[in-house]
């Protein structure tokens, strides 16, 4: 393939013809990212909601560390998980290294600080607005965190979507712990890197198109949720004003 047009045409052909190799990579990538995001969110939303209302000594230091983890390079996360899962590591007995389980774990560790930090900020902002009212009603901190998280559920959905986008577009960590094994641990991002280096540009570009389509759909979902939330708030405000009138 000597021109961009030839490469793009061949990549579109792979997409239209439902190339089994391409779509198996796509399916594997989405499965790993969905599972990793689910694991990270199940922990991160709870932890972030608690941090949003809890006040304790050393909280500022903990938040600083949490914000620092947001900028942690994915290859460093991959290295840490690799060391944990290696034969001599503390989790080596699991035998997960160079498997999909290791890739799920690496992505979950990578996404966890993102979910926790964004959830914490969301709940803390809601606490400033409604915290005193809930305290006056006798709500304990854990109850306030649950109520505020539920009240901000639409915003938290955008956090979950953003977390999935972070996971599905990640390459460094999954390449380190998964090994990029053909037909087994190869996902979209690692396949793009490998196929480009091999010169198989149509497959790499086709995977790039799919990845961009996934990211585009995620952004559309975020926009729809924001408009939905805004419409719901406007409706509630209208009902309240009508009742007062």
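None of the figures in this text is laboratory data; all of them are computed from the coordinates on show. If you're wondering where the values come from, they're calculated on a predicted model, not measured in any experiment. All Cβ positions, glycine included, derive from the backbone under ideal geometry; neighbour counts span all protein chains shown.
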| request: Whole Å is fine, so just give me how far the alpha carbon centre of segment 73-91 lies from that of segment 1-38. | output: 28 Å
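Based solely on its DSSP helices, what 222 nm [θ] is calculated for the chain when runs of n ≥ 4 H residues each add -39,500 (n - 2.57) and the sum is averaged over all residues, nearest 500 deg cm²/dmol?
Working: 10 runs with 196 residues, N = 245.
Helix-only estimate at 222 nm: -27500 deg cm²/dmol.
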| said: How tilted is helix 59-69 with respect to the longest principal axis of the chain? Cα atoms for both, answer in degrees (0 to 90, nearest 10). | reply: 20 degrees
| field | Relative contact order %, the chain, counting alpha carbon pairs below 8 Å whose residues are six or more apart | value | 31 percent
| remark: Cα extents of segment 18-93 along the principal axes, largest first, in whole Å, come to 55, 33, 23
| request: Return 101, 198 ranked ascending by Cβ neighbour count within 10 Å, so the fewest neighbours appear first. | output: 198, 101
| note | If one compares the long axis through the Cα atoms of helix 20-53 with the longest principal axis of the Cα atoms of the chain, the angle in degrees, nearest 10, works out at 20 degrees
| request: For each of 103, 65, 188, count neighbouring Cβ atoms within 10 Å of the residue's Cβ, then give the residues from fewest to most. | output: 65, 188, 103
| In which sequence would 16, 43, 114 go, from the one with the fewest C-beta neighbours within 10 Å to the one with the most? | 16, 43, 114
| said: Angle check, please: helix 201-244 long axis (alpha carbons) against the longest principal axis of the chain (alpha carbons), in degrees 0 to 90, nearest 10. | reply: 10 degrees
| request: Note the listed values (1) 7, 25, 28, 21, 12, 6, 1, 0; (2) 8, 32, 37, 18, 5, 1; (3) 7, 28, 32, 23, 9, 2, 0, then indicate which one is P(r) over Cα pairs in 10 Å bins from 0, in percent calculated from this particular structure. | output: (1)
| field | Distance from segment 96-110 to segment 126-176 (C-alpha centre basis), Å | value | 24 Å
| remark: Expected max-MSF residue from 59, 226, 144 in the GNM of the chain (alpha carbon, under 10 Å) is 59
